[in-house]
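No value in this document is a laboratory result; all are computed from the given coordinates. Here the structure is a predicted model, which is why all the values come from computation and not from measurement. Here the Cβ positions follow ideal geometry from the backbone for every residue, glycine too, while neighbour counts run over all protein chains shown.
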């Protein structure tokens, strides 16, 4: 889009410098992408499970996507405990309640569980 806009402005400047008027037509806006990343994280029976898929509404196709399970350590740093493509699992060690997440972006999810 930036290249197209720069090209349009460049042609307009060239036309203006040449003393002629050239109409630059706007192209239709690009269609919004219909594919999204869907992530989920859950706790069940002593295991943290995470899943991620790239899903396209137009085709109904779901493709496994990279996912990680992270936990915050005592210093505040998020540490990756498990990762995979499409899914990952982390077997709990202990029963201390902690928060786990799939990553640090707005699309990521978290769960709090008694999973040391």
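Taking only the alpha carbons of region 35-114, we obtain Rg and Dmax values of 13.2, 44 Å in that order.
Using R₀ = 22 Å, calculate the FRET efficiency as 1/(1 + (r/R₀)^6) where r is the Cβ-Cβ separation of residue 73 and residue 95; round to 0.05. Between residue 73 and residue 95 the formula returns 0.80.
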